[in-house]
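What follows is a set of notes on a single structure, which appears directly below.
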Amino acid sequence: SRGGRLSLDNSYGDITIQSWNRDAVDLRAERIADSAADLGLAAVDIRTLPDSLTVTSRVPPHAPDARVRVDYRLRVPADVDLKLVRTDRGRVVITDVTGRAIVRIINGAVRVRGFAGVLDASTLNGEIDAAVARLDRGDSITLDTYNGDILLRVPAGLKAHYELRTLNGTIDSNVPLPVLSSYGPHVVHESSGVEDPLVRLTSVNGTIRVTR
């Protein structure tokens, strides 16, 4: 159903999610391995309810070095609740989603296009490139990477609370934002109206850029 929840938990592989104009999910999974034995280690488990879909393909802890990956391509209702999209090694791409998206990656990049809603994305090693179509009251953008750059594109005229921080990088923006610290950690904190959305961007070793 529209507004339903979707969770996808993957060990290794790319995840691509795009909205479409149907109250259904189209899911395609491709498993790739060096051997039939390794292929069997990444079974795709799918569990469904009328308002939720849970997909899991985790390599067992006793076989962490298995050379097997599962790549996913999904089409979902636009206002889906992406409760958790996780891959330990791989890239996540999300396009034209207007609900909620929580993304967790250890090694890999995040790319988001045409987003509206609540976005919470983090990767330990990888860049984050996100473009926001709109942000309404109660929406928020939280992007966090340890080793990687962050690029956020926002609509012209967006009023929001900005909290930007990088330890070993720079902050670049064509949106007027005050830099509170020029030495050590680079920090930007720009407050707006009480009910305006929050934009929080954090990188330890990377550059943060905000552009219209």
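The values are calculated or read from the model by the stated rules, or taken from the named source; none is laboratory data. These figures come from a predicted structure and were not determined experimentally. Every residue, glycine as well, gets a Cβ built from its backbone with ideal geometry; the counts of neighbours run over all protein chains shown. The protein model used for the area step is the full one, side chains on, heavy atoms only, and it has no ligands, DNA or RNA in it. Shrake-Rupley method; radii C 1.70, N 1.55, O 1.52, S 1.80 Å.
Values as computed for the structure displayed
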read-out	value
Of all accessible heavy-atom area on the chain, the percent that carbon and sulfur account for (1.4 Å)	48 percent
Cα gyration tensor shape of the stretch 82-179, rounded if a/c is under 1.5, else prolate or oblate by comparing a/b with b/c	oblate
3J(HN,Hα) from dihedral phi, the stretch 34-44, Karplus parametrisation 6.51/-1.76/1.60, rounded to Hz, x for glycine, proline	7, 8, 4, 5, 5, 4, x, 7, 10, 5, 9
For the chain, convex hull volume per residue from C-alpha positions, Å³	115 Å³
Considering only the stretch 25-162, percent of DSSP beta bridges that pair antiparallel, nearest 5	30 percent
Heavy atoms of Glu30: accessible area, 1.4 Å probe, square angstrom to 10	110 Å²
Options Leu177, Thr87, Gly148, ranked by Cα towards positive dipole end of the chain, top entry (Cβ charges)	Thr87
